[in-house]
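Reviewing the structure listed below.
The values are calculated or read from the model by the stated rules, or taken from the named source; none is laboratory data. A quick note: this is a predicted structure, and the numbers were derived from the prediction, not measured. Cβ sites come from the backbone with ideal geometry, for glycine too, and all protein chains shown count toward neighbours. When the accessible area is computed, the model is the full protein with side chains, heavy atoms only, and any ligands, DNA or RNA have been set aside. Shrake-Rupley method; radii C 1.70, N 1.55, O 1.52, S 1.80 Å.
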Amino acid sequence: MDTATSPRRLCRLDDMPDGEAMALDVSLPEGEESVILLRQGARVNAWLNICPHAGRRLDWAPGKFLISKGMLVCAAHGACFNVDNGECIGGPCKGESLRTVPVQVEQGDVLLDV
Ligand code: FES
């Protein structure tokens with residue numbers, strides 16, 4: 001079996017509050033990183049927890065994120081990101097995007113797909 005291409009289980013979808021984000025420390029090919037997981041119904045988007053503005057984490061306390069009016073808001077300087085695609089749509093890094101971490105949901109498991 002080729003483990004390099006096997007998806008890895010991060011958590012259960014049911015353990016994620018719908019419409020909210022959480023952070024997990026995940027071992028990625030480039031090293032261990034904090035990853036934002038944001039659930040919307042049966043779908044999960046994931047990004048590195050690194051703001052493109054100044055490289056800070058987006059959470060205001062570990063794993064606690066501000067989501068307002070369909071936007072994920074960086075706690076450092078208020079950059080606002082579209083929760084569907086991670087694009088910065090307001091604030092100091094407008095036009096830039098969070099870095100996507102590929103995940104998929106399969107049989108209720110959230111799987112890392114790298
Ligand atoms: S580091 Fe996120 S807005 Fe400045």
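Residues in region 104-114 that are open to solvent by 70 Å² or more (accessible area, probe 1.4 Å) and not acidic (Asp, Glu): 1 in all.
For the structure I just gave you, tell me whether residue 6 is of a type in the set (Ser, Thr, Tyr), modelled with pLDDT under 95 and open to solvent by less than 80 Å² (accessible area, probe 1.4 Å). In short, yes. All conditions but one from (1) open to solvent by 50 Å² or more (accessible area, probe 1.4 Å); (2) within 24 Å of residue 13 (Cβ to Cβ); (3) out of contact with any strand residue (DSSP E or B) (no Cβ under 9 Å at 6 or more places or on another chain) apply to residue 41; the one that does not is (1).
If you go through region 26-38 and keep only what is under 16 Å from residue 51 (Cα atoms) and open to solvent by 20 Å² or more (accessible area, probe 1.4 Å), you end up with just 33. Among the residues of region 55-103, the ones that are farther than 21 Å from residue 18 by Cα and either open to solvent by 60 Å² or more (accessible area, probe 1.4 Å) or touching a residue at least 24 places away in the same chain (Cβ under 8 Å) (or both) come to 14 in all. The criterion of being farther than 27 Å from residue 92 by Cα and not in a strand (DSSP E or B) holds for residue 18.
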